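The values are calculated or read from the model by the stated rules, or taken from the named source; none is laboratory data. A quick note: this is a predicted structure, and the numbers were derived from the prediction, not measured. Neighbour counts run over all protein chains shown; Cβ positions are idealised from the backbone, glycine included.
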């Protein structure tokens, strides 16, 4: 008899150590208006079969999507008295649907995201068409007459042209009693044909106070001083995920370093840049790398808005620099290139901007 193989646990893309995944979370931080919109839509006579949940990365779109999915599975009768009595989409933790989803998944909920490549030991760089085609077997299985099936695309920004067209095809001919929840960090960049077949609901960035509430709930043992906690909340730019990343590793140090060096880039201190780049690119410190990306992007966007407001020529150079940096980051991750060089190139390019 062949020896029994233990199941291999597949990593989850965008997972943070020690932080529960969106499908495991019982509570939603913020977004009460968006939740109310989804609840009322679910109970309405004309429920749209596909929704785009838009907003910056890490603000809770996936948590809200799973919250609606869990609710629909637990309350399939949209017009029944039990559904009508609810004020939120919360499902008690001891409900069978909640326990099953938290335990690893529910047969009526399909979560599509960038898959893990066991051969290369890294996540795929995009959401491939084969993942979208999983909807064929998912919706092809027999379900009970009153059951809802939900597909969460997380995130649609990761799709390539083939997977986007595959999603479009099924959105054009949706199965009965199905809901599509399409998450997007930049909905305006999705195919217009996909946008036209979905109802869009944009989620606002979280307020600093909401960020602090989330940090106290999700990382109570790692909280810094009140002053640093508030600085992290403000620096996170409305993203709870970014705040959690800043909280770990050297996130706060990197945030302060990026801002200081960026503000003085015309007289760039190369020694300080090299020291910061070493910290960002330190082996095994992926949180530092994530922190750099978030701070660099938010600083550039803020600087561009300031330049546009002041009428400074060439203000859109900041956008071009971020697009160039984002491409370098992607290549570095995909090809395992030198992260330090990406940081150095960012500050050197910033120093040369005419709009600075």
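Listing for the model above:
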| quantity | calculated |
| --- | --- |
| Residues being under 25 Å from residue 70 (Cα atoms) and either touching a helix residue (DSSP H, G or I) at 6+ places or on another chain (Cβ under 7 Å) or buried (at least 16 other Cβ atoms within 10 Å of the Cβ) (or both) - total across the stretch 117-142 | 7 |
| Count of residues meeting criterion [in a strand (DSSP E or B) and in contact with a helix residue (DSSP H, G or I) (Cβ under 6 Å, 6 or more places away or on another chain)] in the stretch 30-57 | 4 |
| Members of the stretch 94-119 that are part of a loop (DSSP other than H, G, I, E, B) and under 20 Å from residue 160 (Cα atoms) | 113, 114, 115 |
| From 234, 266, 256, residue being out of contact with any helix residue (DSSP H, G or I) (no Cβ under 7 Å at 6 or more places or on another chain) and either modelled with pLDDT under 95 or in a helix (DSSP H, G or I) (or both) | 256 |
| Sole exception among (1) in a loop (DSSP other than H, G, I, E, B); (2) assigned by TED's automatic domain parsing to the domain that holds residue 257 for residue 356, by number | (2) |
| Search result, residues across the stretch 244-276 that are under 26 Å from residue 213 (Cα atoms) and in contact (Cβ under 8 Å) with a residue 60 or more places away in the chain | 244, 245, 248 |
| Wholly enclosed helices (runs of 4 or more DSSP H) of the stretch 152-218 bearing at least 3 residues in contact with a strand residue (DSSP E or B) (Cβ under 8 Å, 6 or more places away or on another chain) and surrounded by 13 or more Cβ atoms within 10 Å (Cβ to Cβ) | 161-172 |
| Residue ID - modelled with the lowest pLDDT, chosen from residues in the stretch 308-352 that are farther than 21 Å from residue 273 by Cβ and not in a helix (DSSP H, G or I) | 336 |
| Residues of the stretch 309-318 that turn out to be under 28 Å from the mean Cα position of the chain (by Cα) and loosely packed, with under 15 Cβ neighbours inside 10 Å, as a count | 1 |
